[in-house]
1. Could I have the simple spin-label model distance between residue 521 and residue 222, label points 7 Å from Cα toward Cβ, reported in nm to one decimal?
2. With N set to the residue count of the chain, report its C-alpha Rg divided by 2.2 N^0.38 Å to two decimal places.
3. Given the peptides 423-433, 129-139, arrange them by the average over their residues of other C-beta atoms within 10 Å, most packed first.
4. If the range 111-266 were replaced by its equivalent ellipsoid, with semi-axes equal to the square roots of 5 times the Cα gyration tensor eigenvalues, what would those be, largest first, whole Å?
5. Which FRET efficiency value, to the nearest 0.05, do you get for residue 189 and residue 148 by plugging their Cβ-Cβ distance into 1/(1 + (r/R0)^6) with R0 = 35 Å?
6. With a/c under 1.5 counting as rounded, go ahead and sort the range 176-222 into rounded, prolate or oblate using the C-alpha gyration tensor (a ≥ b ≥ c being the square roots of the eigenvalues; past the cut-off, prolate if a/b is larger than b/c, else oblate).
7. To test your reading of the geometry: what angle, between 0 and 90 degrees and rounded to tens, separates the Cα axis of helix 448-457 from the longest principal axis of the chain?
8. Name the residues of the range 412-431 whose amide N is less than 17 Å from a point 7 angstrom out from the Cα of residue 50 along the C-beta direction?
């Protein structure tokens, strides 16, 4: 089964053009776009990055800049599709236990040093040895070889058809061996003055103010259209939105949910609706006696009104989560769905689990710790009210994200919580949430049968057989409720018509936050 992969989304541009909603107001139809002479693009990040080390740990505030400073072997576009990056082509052996990457030639690091396959090997070997953020994505990798400077061979312990997709996601950027080898990678000075191979070079980082990048004139690929990118650091979402509307900021994709529809009828914007694989859910600490019985977790699922949360919190973006695997993976099984709200059924399950109401009609009390982000506060209030009707008294504790990470993810000091995260780009992405010991399974859930299915799922290349495996995964999830999904997160991304070449307009070339092709329209 020889497989040669060079993933280009043929025809995608035409298809995606249909998803863009331009302004419906034709009052300005036919008017020329005003000439723009500015060659500096201003974008937004919401807070200071803690580091520009692209692989050591997740940092959403560095995610955008790092996609422009560094490269990966392959990258993920704005529509969750894998496209080439440093690897021009790649191919599998007959039994899918070895994949060979053919790298672009003439690539240089920003300091002028040549990039070679040795950088790839060093990055991924170190990532696995030091257990960086996404080391579990490399669980199938036995060894990495470099037959020459432009070839990387990954030898696998077992077939892993999900590997290419995993290489396109978080924590897989290739780093400069000559600047990191033999150092403490967590504290290396280049973590704060990054050197990559990407289309833009790092210039400066002023805490609380901005991150500045400049065009890499020696870039091995298509040269960036703009000479400079400035990321303004604006923590307040309302302030960020006003800066975008006023023209102080050119490009902004994290529109607050309550403003998601504000640009639909504005002729100065093209709106791109996106429903991604990022999903929000409630989960519990499985080591706590209150939640060990799956019927209690099922009762919580029956008690939550997912439609109410979407109606009140989503602003018309995304969708109500109904299946246990993201619909756009192509593997969601409609037989296994999140239950519709049924208070009587929830109470029945609690009774079957041996719980009894007290004099106030409460089966048990608990605390839900969640972080302050987007609609989570409003969703938490709805969930609290929903579960009170069932007879579960929930105290809400809102934390800053960093504190939530330390308290909940790291120290497991919680009973209930909310979380959100990406469950792709391959269907196997679900394993990171529910597989034993995986990076986001902080709730302590473990099921050997499910683990065996997740392991099998990445070894099967036949799509029909894979669907059967993941159908069983969803069956178990529906019975045990390790995560109680309520929202498929989405967005409406307004792109100013003075711009072209954004990731939503160049899906066959650009990564999701890559600004190589963005330019100002001049007429």
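1. Going by the 7 Å Cα→Cβ label model, 1.7 nm.
2. Working: Rg = 23.7 Å, N = 523, 2.2 N^0.38 = 23.7 Å.
Taking N as the residue count of the chain, the ratio is 1.00.
3. Details: 423-433: 24.7, 129-139: 17.6.
The densest-packed peptide leads the list: 423-433, 129-139.
4. On the way: eigenvalues 245, 85, 51 Å².
Rounded to whole Å, the semi-axes are 35, 21, 16.
5. Working: r = 31 Å, r/R0 = 0.89.
Computed FRET efficiency for residue 189 and residue 148 comes out at 0.65.
6. Details: a/c = 3.89, a/b = 1.16, b/c = 3.37.
Oblate.
7. Once rounded, the angle reads 30 degrees.
8. Inside the label zone: 412-413, 420.
Computed from the coordinates by the stated procedures, all read-outs in this text should not be read as laboratory data. Computed from a prediction, not measured in an experiment: that's the story for all the values here. Positions of Cβ are backbone-derived with ideal geometry, glycine not excepted, and every protein chain shown enters the neighbour counts.
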